[in-house]
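**Q** Attaching a single structure in structure tokens format; questions to follow.
The values are calculated or read from the model by the stated rules, or taken from the named source; none is laboratory data. None of the values given here were measured: they were computed from a predicted structure. We place every Cβ from the backbone using ideal geometry, glycine too, and count neighbours over all the protein chains shown.
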């Protein structure tokens, strides 16, 4: 078996097993390696052996049952893992926030009522937290399921369209109109993706976790983003955000984060740099920059009385570190955050474009 024939065999096996669940892949890989090797020995030609096996998309159906899935085997393992991550990231912060809020709102404690007051605060916090966590988890579960279901359907439509375009004539550049009846041959097999074309799962995980936790905090505890001061046993806070106008700011803020989350989900599912990932990253990046401009430069995101409230809270007993906050300039902070967001987004888009054009050119479909 020549290196070129071995490459064709690897391409075929990859196109089959990527459509199967992870639990099946190793076993099917070994089975196909043995089957194709035997057929190659009998026929003396790798092209004839693979042509007899036929389209790998059709061949993969032999290892799948005939049921139609909301989310098929190809995506189900990733979907299940992703649901767990999102639910944990949504539930734990909400529970902690509810407990902290309940403890912070406790009435005065005396020697006689300390135990009952603390227990009641914890119980109230848990009840509120569990209720909010359930609602949040149900919403997150529905959003994730809907996203994966849409991708499952779009993938099917895309592959059907791709099959209609497959033809030897189109590959050879003769310009003939391809038809869906064209006979499949190994020349249709795309190369196995280069290792450098593979998107880091860890990077996607970190991005997803950050977005989910940050969104939960913005929705349920925007007052946690504040300057904290202690005076004796009392903790005073001055919120950074304009909580009175938060109902106007929050939807745009969350929309920007959801766009980023959708891009991370797509990267996680596709797993390699390709044209689809590149286009998604460019579009989502541009939308996030536009929404960031709206949030930071148009909407009243910052507390207009931040400096005044800090000065009132500090009085004449502030140290140099606390005094530094009185030099707060909302426009300067907005410009700084916006410059950082634009720089990071453009850098990520640049990396995606480079890796797609350099390593992911042959990865044209999912």
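**Q** Please tell me if residue 69 is crowded, with 17+ Cβ neighbours inside 10 Å and either within 15 Å of the chain's Cα centre (by Cα) or at pLDDT below 75 (or both).
**A** On the way: crowded, with 17+ Cβ neighbours inside 10 Å: no; either within 15 Å of the chain's Cα centre (by Cα) or at pLDDT below 75 (or both): yes.
For residue 69, the condition - crowded, with 17+ Cβ neighbours inside 10 Å and either within 15 Å of the chain's Cα centre (by Cα) or at pLDDT below 75 (or both) - is not met.
**Q** Checking the condition at pLDDT 75 or above, over 29 Å from residue 225 (Cα atoms) and either loosely packed, with under 14 Cβ neighbours inside 10 Å or touching a helix residue (DSSP H, G or I) at 6+ places or on another chain (Cβ under 8 Å) (or both), which residue from 62, 112 passes? Lay out the reasoning, then the answer.
**A** Values: 112 fails: at pLDDT 75 or above.
Going through 62, 112 in turn, the sole match is 62.
**Q** Right, here's the next one. So is residue 279 in a helix (DSSP H, G or I), modelled with pLDDT of 85 or more and over 25 Å from residue 144 (Cβ atoms) or not? Can you show your working first?
**A** On the way: in a helix (DSSP H, G or I): yes; modelled with pLDDT of 85 or more: yes; over 25 Å from residue 144 (Cβ atoms): no.
Against the criterion (in a helix (DSSP H, G or I), modelled with pLDDT of 85 or more and over 25 Å from residue 144 (Cβ atoms)), residue 279 does not qualify.
**Q** Same structure again: Looking for something closer than 30 Å to residue 261 by Cα, surrounded by 14 or more Cβ atoms within 10 Å (Cβ to Cβ) and either at pLDDT below 80 or touching a helix residue (DSSP H, G or I) at 6+ places or on another chain (Cβ under 9 Å) (or both) - is there at least one such residue anywhere in region 100-109? Lay out the reasoning, then the answer.
**A** Taking region 100-109 and keeping what is closer than 30 Å to residue 261 by Cα, we get 100-101.
Add one more test, that the residue is surrounded by 14 or more Cβ atoms within 10 Å (Cβ to Cβ), and what stays is 100-101.
With either at pLDDT below 80 or touching a helix residue (DSSP H, G or I) at 6+ places or on another chain (Cβ under 9 Å) (or both) added as a condition, the list becomes 100-101.
Scanning region 100-109 turns up at least one residue that is closer than 30 Å to residue 261 by Cα, surrounded by 14 or more Cβ atoms within 10 Å (Cβ to Cβ) and either at pLDDT below 80 or touching a helix residue (DSSP H, G or I) at 6+ places or on another chain (Cβ under 9 Å) (or both).
**Q** Within region 33-54, can one find any residue that is outside the structural domain of residue 152 (by TED's automatic domain parsing) and under 20 Å from residue 78 (Cα atoms)? Before you say what the answer is, go through the steps one by one.
**A** Initially, region 33-54 is screened for residues outside the structural domain of residue 152 (by TED's automatic domain parsing), giving 33-54.
In the following step, the residues that additionally are under 20 Å from residue 78 (Cα atoms) were identified as none.
Checking region 33-54: not a single residue is outside the structural domain of residue 152 (by TED's automatic domain parsing) and under 20 Å from residue 78 (Cα atoms).
**Q** Now for a separate question. Confirm whether residue 33 is in contact with a helix residue (DSSP H, G or I) (Cβ under 9 Å, 6 or more places away or on another chain) and over 26 Å from residue 271 (Cα atoms). Walk me through how you get there before you give the answer.
**A** Numbers: in contact with a helix residue (DSSP H, G or I) (Cβ under 9 Å, 6 or more places away or on another chain): yes; over 26 Å from residue 271 (Cα atoms): no.
No: the conditions fail for residue 33.
**Q** Going residue by residue through region 306-319, is there one that turns out to be in a loop (DSSP other than H, G, I, E, B) and either buried (at least 16 other Cβ atoms within 10 Å of the Cβ) or modelled with pLDDT of 95 or more (or both)? Talk me through it step by step, then tell me what you get.
**A** In the first step, residues of region 306-319 are kept if they are in a loop (DSSP other than H, G, I, E, B); the result is 315-319.
This time we only want the ones that are either buried (at least 16 other Cβ atoms within 10 Å of the Cβ) or modelled with pLDDT of 95 or more (or both), so: 318.
Yes, because at least one residue in region 306-319 is in a loop (DSSP other than H, G, I, E, B) and either buried (at least 16 other Cβ atoms within 10 Å of the Cβ) or modelled with pLDDT of 95 or more (or both).
Yes/no per residue for (1) over 29 Å from the mean Cα position of the chain (by Cα); (2) modelled with pLDDT of 80 or more:
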position	(1), (2)
22	no, no
32	yes, yes
36	yes, yes
39	yes, yes
53	yes, yes
78	no, no
87	no, yes
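**Q** Could I ask something else about it? Given the structure, is residue 336 over 18 Å from residue 266 (Cβ atoms), over 26 Å from the mean Cα position of the chain (by Cα), surrounded by fewer than 14 Cβ atoms within 10 Å (Cβ to Cβ) and at pLDDT below 95?
**A** It is false that residue 336 is over 18 Å from residue 266 (Cβ atoms), over 26 Å from the mean Cα position of the chain (by Cα), surrounded by fewer than 14 Cβ atoms within 10 Å (Cβ to Cβ) and at pLDDT below 95.
**Q** Oh, and also: Give region 282-305 a look and list any residue that's farther than 30 Å from residue 86 by Cα and assigned to a helix (DSSP H, G or I), or say none. Break it down into steps so the answer makes sense when it comes.
**A** Let us first name the residues in region 282-305 that are farther than 30 Å from residue 86 by Cα, namely 297-298, 303-305.
Within region 282-305, 297, 298 qualify.
**Q** May I ask you to say which residue of 253, 225, 214 is under 20 Å from residue 136 (Cβ atoms), buried (at least 20 other Cβ atoms within 10 Å of the Cβ) and in contact with a helix residue (DSSP H, G or I) (Cβ under 8 Å, 6 or more places away or on another chain)?
**A** Details: 225 fails: buried (at least 20 other Cβ atoms within 10 Å of the Cβ); 214 fails: buried (at least 20 other Cβ atoms within 10 Å of the Cβ).
Being under 20 Å from residue 136 (Cβ atoms), buried (at least 20 other Cβ atoms within 10 Å of the Cβ) and in contact with a helix residue (DSSP H, G or I) (Cβ under 8 Å, 6 or more places away or on another chain) holds for just one of 253, 225, 214, which is 253.
**Q** Another question, if that's okay. Pick out the one residue from 240, 259 that is over 24 Å from residue 305 (Cβ atoms) and assigned by TED's automatic domain parsing to the domain that holds residue 353. If you could, list the steps in order and put the result at the bottom.
**A** Numbers: 240 fails: over 24 Å from residue 305 (Cβ atoms).
After applying the criteria, what remains is 259.
**Q** Cβ contacts < 6 Å: first residue closer than 20 Å to residue 204 by Cα, restricted to region 346-366; second residue modelled with pLDDT under 90 and surrounded by fewer than 13 Cβ atoms within 10 Å (Cβ to Cβ), any location; separation 6+ or different chain. Result?
**A** Partner pairs satisfying both residue conditions: 359/196.
**Q** Does region 33-57 hold any residues that are part of a helix (DSSP H, G or I) and in contact (Cβ under 8 Å) with a residue 60 or more places away in the chain, and which are they? Write out each step before concluding.
**A** Step one: list which residues in region 33-57 are part of a helix (DSSP H, G or I), which gives 33-43, 46-53, 56-57.
46, 47, 50, 51, 56, 57, listed by residue number.
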